[in-house]
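Input: a single structure, listed below in structure tokens.
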Amino acid sequence: MNSVEATGKTIEDAVRSGLVQLGLTRDEADVEVLAEPKSGFLGLGSKPAQVRVTAKKEAAHVLFRQQEEAAAAQEVPVPAVEKEDSKAVIEEKEVAPAATAPETTAPAVANTPEAAPAVALADTEETKPVYTAEEAAAQAKRFLQEVLANMGLQVMIEKMIKPDKIVLHLHGKNLGILIGKHGQTLDALQYLTNLTINQSHEGRHFVMLDVENYRHRREETLKQLAVRLSGRIKKKGDKVVLEPMNGYERKIIHVALQDKEHVRTESEGQDPYRHVVIYYAE
């Protein structure tokens with residue numbers, strides 16, 4: 001893919017979006033403005049800027065080589081995952097029973113009015129049930145099945161419980177609609193899922209949604225982009241402003257460059273326009 005069409009609030013935003021998709025800097029691409037942005041009246045009838053970003057000849061060769069390497073990397077076999085009811089995957093966790101305390105002879109309690117309230121209080125004391133990851137995963141799955149059924153989508157859901165999060169993998173046909181531009185639709189669905197499963201419980205669990213391994217492919221793309229841009233920055237001593245990303249994707253950029261010499265990264269701006277800036281560091 002040596003050319004993409006991108007949109008943005010301004011022409012600059014649209015160009016930046018196209019450059020990030022191709023993994024190029026501004027001087028490595030040609031830009032054609034397809035449509036100027038329109039603000040409309042009171043927000044009605046507004047239209048985003050639209051541009052076509054095309055890799056220059058010398059940059060196109062680099063992109064082609066990266067695409068071949070990425071395709072080869074994706075051929076690495078993925079470990080098989082045990083399925084539950086042909087639709088779900090879950091890591092079973094057993095909780096060891098509590099150790100039984102040795103029997104002791106309780107001291108005699110005087111049958112007096114003063115002793116009775118203490119015994120009654122102990123009998124009525126209750127422990128609130130723990131909101132487990134398995135319960136959260138099951139609730140998230142039910143919520144998604146209802147939403148996706150209303151959208152007319154037939155989706156198989158695999159669930160994996162990890163120490164820090166619950167991952168739900170969605171598989172089916174024509175699921176690109178669930179991803180959206182740069183994963184924006186998937187992020188919105190993920191936000192609603194987490195809101196649903198955590199709103200009535202004291203314990204909290206984080207659910208990550210993935211469609212046909214999109215998260216992994218996006219992560220590899222961002223890592224390659226970050227490393228490539230860091231090399232460019234070292235040569236020019238300049239900075240690069242990336243497009244707005246969610247917190248998960250910004251973290252990928254920060255981690256990928258945290259050990260690179262003469263490079264530092266910062267997140268700037270306010271959501272939903274918060275973005276990463278890569279600076280040259282002495």
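Values for this structure:
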read-out: Tally of residues being acidic (Asp, Glu) and at pLDDT below 90 across the range 262-279; value: 1
read-out: Residues satisfying the stated conditions in the range 229-261, i.e. buried (at least 18 other Cβ atoms within 10 Å of the Cβ) and part of a helix (DSSP H, G or I); value: Leu229, Ser230, Ile233, Glu249, Arg250, Ile252, Ile253, Ala256, Leu257
read-out: Given (1) assigned to a helix (DSSP H, G or I); (2) within 21 Å of the chain's Cα centre (by Cα), index of the condition Ser267 fails; value: (1)
read-out: Scope the range 228-243; condition at pLDDT 90 or above and within 20 Å of the chain's Cα centre (by Cα); matching residues; value: Leu242
read-out: Within the range 171-211, considering residues that are of a type outside the set (Val, Ile, Thr) and part of a strand (DSSP E or B), the one surrounded by the most Cβ atoms within 10 Å (Cβ to Cβ); value: Leu209
read-out: Failed item in (1) closer than 23 Å to Ile252 by Cβ; (2) outside any strand (DSSP E or B); (3) of a type in the set (Asp, Glu), with Glu158 passing the rest; value: (2)
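The values are calculated or read from the model by the stated rules, or taken from the named source; none is laboratory data. Predicted model, so just to flag it, every value in this text is computed and none were measured. Note that each Cβ is placed from the backbone with ideal geometry, even for glycine, and that neighbours are counted across all protein chains shown.
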